[in-house]
Amino acid sequence: GDNPLGRYKVTALHSNIKTPTNLKRFVEDYQQKVSWQFRRAYRIRNEIAHGGRRSEVMNTVILNLHDYYVRLIRAVADDIKEHNRIADIETIFSSILINCEARNEFINKRVGNNWASYGDLITATGV
């Protein structure tokens, strides 16, 4: 059937990963969005703690924070599974950060070019 939202999301995904330049821009924009969301959550927390006011956007912020929390737990579980070990949380976070930095470096080296292969895209996205 016809699914306009699904079609939009697939088209946007294709556009975002089509080239290393697009993927780099998408990752940077997403990092900025997450940073804004955390700052917004902190401001809302302060409003509640100091003035007792409920923000109109609180539900949206809570949903976003929940999404980030689920992604974090999934990343921790994936790291445990990948390394076949249970380590302290600092070691796991360090491992996740190293993987993210390696992917960003991989993408940055290819900016201005096209993907050499499907394998490059898989390496860049960590899928």
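The values are calculated or read from the model by the stated rules, or taken from the named source; none is laboratory data. Fair warning: this is a prediction, and the values are worked out from it, not measured in the lab. Glycine gets a Cβ as well: all are built from the backbone with ideal geometry, and neighbour counts include every protein chain shown. Just the protein is used for accessible areas: all its heavy atoms, side chains included, with ligands, DNA and RNA removed. Shrake-Rupley method; radii C 1.70, N 1.55, O 1.52, S 1.80 Å.
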Do the conditions hold for VAL34, that is, is it in contact with a helix residue (DSSP H, G or I) (Cβ under 8 Å, 6 or more places away or on another chain) and more than 14 Å from ASN64 (Cα to Cα)? no
Within segment 47-55, identify whether any single residue is of a type outside the set (Lys, Arg), open to solvent by less than 40 Å² (accessible area, probe 1.4 Å) and either over 19 Å from ALA124 (Cα atoms) or within 15 Å of the chain's Cα centre (by Cα) (or both), and answer yes or no. yes
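Take segment 14-39 and flag every residue that is under 21 Å from THR60 (Cα atoms), open to solvent by less than 50 Å² (accessible area, probe 1.4 Å) and either free of Cβ contacts under 8 Å to residues at least 24 places away in the same chain or of a type in the set (Asp, Glu) (or both). So that I can check it myself, show each step before the final result.
Narrowing segment 14-39 to residues under 21 Å from THR60 (Cα atoms): 29-39.
Add one more test, that the residue is open to solvent by less than 50 Å² (accessible area, probe 1.4 Å), and what stays is 34-35, 37.
Of everything in segment 14-39, just one residue is under 21 Å from THR60 (Cα atoms), open to solvent by less than 50 Å² (accessible area, probe 1.4 Å) and either free of Cβ contacts under 8 Å to residues at least 24 places away in the same chain or of a type in the set (Asp, Glu) (or both), namely SER35.
Name the residue that is nearest to ILE107 (Cα to Cα), counting only residues in segment 1-31 that are of a type in the set (S, T, N, Q) and in a helix (DSSP H, G or I). Please lay out each step first, then the result.
At the first step, the residues of segment 1-31 found to be of a type in the set (S, T, N, Q) are 3, 11, 15-16, 19, 21-22, 31.
From the residues that got through so far, the ones that are in a helix (DSSP H, G or I) too are 11, 15-16, 21-22, 31.
Working: THR11: 21, SER15: 15, ASN16: 13, THR21: 8, ASN22: 10, GLN31: 15 Å.
Restricting to residues being of a type in the set (S, T, N, Q) and in a helix (DSSP H, G or I), the top hit is THR21.
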Take the residues in segment 84-126 that are part of a helix (DSSP H, G or I), closer than 19 Å to ASP29 by Cα and among the small types (Gly, Ala, Ser); name whichever of them is least open to solvent (accessible area, probe 1.4 Å). ALA124
Pairs only if they're at least six apart or on different chains, beta carbon under 6 angstrom, first in segment 70-93 and free of Cβ contacts under 8 Å to residues at least 60 places away in the same chain and more than 15 Å from GLY126 (Cα to Cα), second in a helix (DSSP H, G or I) and aliphatic (A, V, I, L, M); list them, first residue then second. ILE86/ILE80; ILE92/VAL76
Mind listing whichever residues of segment 32-83 are assigned to a helix (DSSP H, G or I) and polar (S, T, N, Q)? GLN32, SER35, GLN37, ASN46, ASN59, THR60, ASN64
